[in-house]
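The values are calculated or read from the model by the stated rules, or taken from the named source; none is laboratory data. No experiment lies behind these values; they were computed from the predicted model shown. Reconstructed Cβ throughout: ideal geometry from the backbone, glycine too, with neighbour counts over all protein chains shown. SASA here: full protein model, heavy atoms, side chains in, ligands and nucleic acids out. Shrake-Rupley method; radii C 1.70, N 1.55, O 1.52, S 1.80 Å.
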Amino acid sequence: MTIKAFIPNFVTLLNLFCGSVAVIFAVNNHFVFAAFFVFLGIFFDFFDGLLARKLKVQSELGLQLDSLADMVTSGLVPGIIMFKLLELASNSKAITPVSEWSETMQWSGYKLNLLPFIGLFITLASAYRLARFNLDEDQQSYFKGLPTPANALLILSLPLILEFQNNDLINATILNKWFLIALTLTSCYLLNSPIKLFALKFKDWSFKTNAVRYIFIILSIVLLIVLHFAAIPIIIALYILLSLFNNIN
């Protein structure tokens, strides 16, 4: 493999590295740092494919490596985050020891709270979506179902809203277990739904050809300026609605 051919794969590995770091932070309840590394990983994920196309070094290896990196950054991390949020919502740890350590360093008893494990459905749905994506040759100019990075942004926005928006009503909603369960199931559906969603890939820069993309980008910037992190779920909903409108037209 030439150095030029390895450049996009190196960027993909940076995505995987960021996702791995995000896992460590998420497991230790440092959600803001986890979100930062997921955002950074998604940034690398956007540019690895772009570099591969510009350098004309697309390969099957790059495609598989990209999916493996996405599985961690945009599949495992949001699953862990939802797992942790469901723990907070239920005021109970998923696994609670009911006795001290034994001399052989084995638990002699523990109590399970199964509710948080529902959050890991997101990880399973992400894996299924990525596997289907690799086998689908049609998804070049559009996506079928919500891309895993977009879904990761949706889930990661929740702890950021809790941390920085400081709104009692929003906080109570996010930490409602029924809301989190409903969002988890909705997320799993959207990841593997048949809905065609436009991709942010520009073949040219004309407004006529890319009207829906320009409208989406402009509205997203305005929403982020006005609503900050609370804008992210609205932007994801806007993305789906604009895609449905674009499909009709």
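Odds and ends about this structure:
- Average projection area in nm² (convex hull over Cα atoms of the range 180-223, one quarter of hull surface): 4.5 nm²
- For the range 7-81, convex hull of alpha carbons as volume per residue, Å³: 56 Å³
- Partner lysines whose Cα lies under 30 Å from the Cα of Lys56, excluding those fewer than 8 positions away in the same chain, are identified as Lys4, Lys144, Lys196, Lys201, Lys203, Lys208.
- Axial C-alpha extent at least 27 Å, average Kyte-Doolittle at least 0.5 - helices from the chain (DSSP): 3-27, 31-55
- For the range 141-208, the Kirkwood estimate of the hydrodynamic radius, built from every pair of different alpha carbons, is 14.1 Å.
- Net charge of neighbours whose Cβ lies under 14 Å from the Cβ of Ile122, counting Lys and Arg as +1 and Asp and Glu as -1: +1
- Loop trypsin sites (Lys or Arg not before Pro), the range 171-249, which have at most 16 other Cβ atoms in a 10 Å radius of their Cβ (DSSP): Lys201, Lys203, Lys208
- Long-range tail of P(r) for the range 112-228 (Cα pairs > 20 Å, %): 56 percent
- FRET efficiency estimate (nearest 0.05) - Cβ-Cβ, Ile215 to Lys93, R0 51 angstrom: 0.70
- For the chain, the spread of Cα positions along each principal axis, largest first, Å: 65, 48, 30
- Of all accessible heavy-atom area on the chain, the percent that carbon and sulfur account for (1.4 Å): 70 percent
- When you count the other C-beta atoms within 10 angstrom of each residue and take the mean per peptide, 123-136, 162-175 line up highest first as 123-136, 162-175.
- Computed E for Tyr110/Phe46 - FRET, C-beta separation, R0 45 angstrom, nearest 0.05: 0.60
- Spacing of the two label points (7 Å from each Cα toward its C-beta) at His228 and Gln165, in nm: 1.1 nm
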